[in-house]
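Please read the structure below before turning to the comments.
The values are calculated or read from the model by the stated rules, or taken from the named source; none is laboratory data. A quick note: this is a predicted structure, and the numbers were derived from the prediction, not measured. Quick reminder, even Gly has a Cβ in these numbers, built from the backbone with ideal geometry, and neighbours come from all protein chains shown.
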Amino acid sequence: MSTVDDKTIQDFDEQWTRYADNEGWYGSLAMFSDMITPIMSTDDFKDKTVVDIGSGTGRIVGMLLEAGASHVYAVEPGTGAFEKLKNNVASMERGKEVTPINKRGDNWDLDASVDRAISIGVIEFISDPNPTIRRCFDALKPGGEIFLWLCAHEGNELYLTFVKPLRRITTYLPHFLLVTVCHLLYIVLCIYRLVGQTVPLPLMKYLNTVWWPMTPRKRRLVIYDQLNPTYFKYYTRDEAVALLESAGFQDIQIHHRHGYSWSVKGRKP
């Protein structure tokens, strides 16, 4: 991985050390179902072994266990985040069915092949994700499936005209200043959502369906998550499909979730 990837890992390591809990809708099975529908369902993970790439503090791990996964391998490269992950896993009802792995997405190993590979909100923060996707391909059983959730370019064009210039500043801000910016933007977004109840505005489906059900603290974390990391890519539809095709996956399905992100699934032959 490049220097920019090292810095991005450090950015998230500090972020997840500060924001370690996964409370409410933010970490719920209902949100997981919303993420993967319609190309997968929670039943697709029942009694399956799963590797989760970029586990952070275990948000998706908890969702997978609640969905009935038989075992979850949680791959997280950050040192501080990995400690939070282990602590959170230890408090989970089925935490013994989780194997935390403190490795990067492209260099972990397992003793056995898995049924599913999943990565939600992670791949877009890796400058060259192809080695990570190939590593997932190698770890899957024949017929095994990969699922990715990625921020989309399509549907976010207007938003990106604002956030890209802003990120040139916010990626360099110390934590306390970035938090201040996020609080101000949170107020702006709340006003935007209120206006959007009567005037058609972009991204209202996302704000109403995904963002608003979170606690105010988690809503602000979503903003922080957009402005903090050094590297961030918004994928076009073709780029999202090519990620899986280039690694050898077949039967690729893609869904434009709430008009702002891609849900992508592929099968290993």
Output the number of the condition that Y172 fails; it satisfies all remaining conditions of (1) surrounded by 14 or more Cβ atoms within 10 Å (Cβ to Cβ); (2) assigned to a loop (DSSP other than H, G, I, E, B). (1)
Just one of (1) crowded, with 20+ Cβ neighbours inside 10 Å; (2) touching a residue at least 60 places away in the same chain (Cβ under 8 Å) trips up I223, so point out which. (2)
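With over 16 Å from the mean Cα position of the chain (by Cα) and either among the β-branched types (V, I, T) or at pLDDT 95 or above (or both) as the only criterion, which of A112, A81, A139, A117 stands out?
Working: A112 fails: either among the β-branched types (V, I, T) or at pLDDT 95 or above (or both); A81 fails: over 16 Å from the mean Cα position of the chain (by Cα); A117 fails: over 16 Å from the mean Cα position of the chain (by Cα).
Only one candidate passes the filter, namely A139.
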Would you pick out the residues in the stretch 224-269 that are of a type in the set (S, T, Y), out of contact with any Cys (no Cβ under 8 Å at 6 or more places or on another chain) and in a strand (DSSP E or B)? S263
Within the set of pairs 6+ apart or on separate chains, which have a first residue in the stretch 40-64 that is more than 22 Å from L85 (Cβ to Cβ), a second that is aromatic (F, W, Y) and surrounded by fewer than 24 Cβ atoms within 10 Å (Cβ to Cβ), and C-beta atoms under 7 Å apart? M40/F147
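How do the helices (runs of 4 or more DSSP H) wholly within the stretch 38-152 filter down when requiring 3 or more residues that are buried (at least 20 other Cβ atoms within 10 Å of the Cβ), not hydrophobic (A, V, I, L, M, F, W, C) and not assigned by TED's automatic domain parsing to the domain that holds E14: which remain?
Details: elements: 59-66, 79-90, 130-139.
Those helices (runs of 4 or more DSSP H) do not exist here; none qualify.
Do you know which residues across the stretch 19-37 are outside any loop (DSSP other than H, G, I, E, B) and without any contact (Cβ under 8 Å) to a residue 60 or more places away in the chain?
Taking the stretch 19-37 and keeping what is outside any loop (DSSP other than H, G, I, E, B), we get 24-27, 29-36.
Once the filter is applied, which keeps residues that are outside any loop (DSSP other than H, G, I, E, B) and without any contact (Cβ under 8 Å) to a residue 60 or more places away in the chain, the stretch 19-37 yields G27, L29, A30, F32, S33.
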